[in-house]
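Heads up, the thing below is written out as structure tokens.
What follows draws every value from the coordinates through simple rules; no lab data is involved. Given the structure is predicted, the values throughout are model-derived calculations rather than measurements. Ideal geometry is used to build each Cβ from the backbone, glycine not excepted, and the neighbour counts take in all protein chains shown.
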């Protein structure tokens, strides 16, 4: 039986009398959505494509198999870095309290992906009790078990630091050091060194490494080789880049490259 086309307007999902709702939306490369917030929490997720998401607190690059948990009321905006097939869910605010009040990147398991897709086959206001309700409860269970991926780019407020961070995001492979950035924005290197942990919670090199990790995930998802990524990000060798990657994430980039080139399945070998 054919379903009535689902709305692709997020506002139509905020007051549906269901704990979990799911929305499908496809976007072209370069699409963007202005700053906004939701009454519900959102798991911002795309089965294909790359998204960049920003709040006042940080920036995240989301490839497939990664999703961003956005608590209710958090103002955010996003843009597509490629063609995107968004398959996102909204969680009622009271139920969302169990999953934290900070934005965080989670690993989307094959099961969670399939549950989200299955819920999209149900009516927006699915019958209670019924299959949709069971899918929703399983989605909440998978969210509770989901692994948090420690990739976030904290965003500063100081205008000098914003200028530096914006330039680094635009050219993450830049070889400029903090003294050169200081000259460019009219501050001393000592001032920038002090501002980075004060404004972002990270020292300069740690912040740059988070940018490199986010950029690497995006390039890995696009099928770039580890050697090409290391060169683009200014590392002396692929092994130097891989060592940084593994030190922070506990896995090598080769692990993710192999995983993302493999077909997604509920029962991976």
Nearest-0.05 FRET efficiency for residue 121 and residue 36, computed from C-beta distance (R0 22 Å): 0.25
Assertion target for 165, 103, ordered by fewest C-beta neighbours within 10 angstrom first, is 103, 165
Most exposed first, judged by fewest Cβ atoms within 10 angstrom, 128, 213, 120 run 128, 120, 213
For the stretch 10-149, max minus min Cα coordinate along each principal axis, in Å, sorted largest first? 40, 29, 27
Taking Cα atoms only, helix 204-221 is inclined relative to the longest principal axis of the chain by an angle, in degrees rounded to 10, of 50 degrees
Rounded, prolate or oblate (a/c below 1.5 giving rounded, otherwise prolate when a/b exceeds b/c) for the stretch 3-75 by Cα gyration tensor: oblate
Using a Förster distance of 25 angstrom, determine the FRET efficiency expected from the C-beta separation of residue 167 and residue 246, and round it to 0.05. 0.35
Compute the helix-to-body angle for 110-120: its Cα long axis versus the longest principal axis of the chain, expressed 0 to 90° and rounded to tens. 50 degrees
Potential extension, residue 236-residue 109 segment - 0.36 nm per residue separation minus Cα distance: 42.3 nm
Hey, with R₀ at 30 Å, roughly what FRET efficiency would residue 175 and residue 202 work out to, going by the Cβ-Cβ distance, to 0.05? 0.90
Report, to the nearest 10°, how far helix 159-170 tilts away from the longest principal axis of the Cα atoms in the chain, using its own Cα long axis and a range of 0 to 90°. 70 degrees
Convex hull over the Cα atoms of the stretch 153-261, averaged projected area in nm²? 6.5 nm²
Quick check on the chain: take the gyration tensor over C-alpha atoms, sort the square-rooted eigenvalues as a ≥ b ≥ c, and tell me if it's rounded (a/c under 1.5), prolate or oblate. prolate
The exposure ranking of 175, 109, fewest beta-carbon neighbours within 10 Å first, is 175, 109
Once fully extended, how much extra length lies between residue 95 and residue 144, figured as 0.36 nm per residue of separation less the alpha-carbon to alpha-carbon distance? 16.5 nm
With each run of n ≥ 4 DSSP H residues scored as -39500 (n - 2.57), what mean residue ellipticity at 222 nm is computed for the chain after dividing by its residue count and rounding to the nearest 500 deg cm²/dmol? -12000 deg cm²/dmol
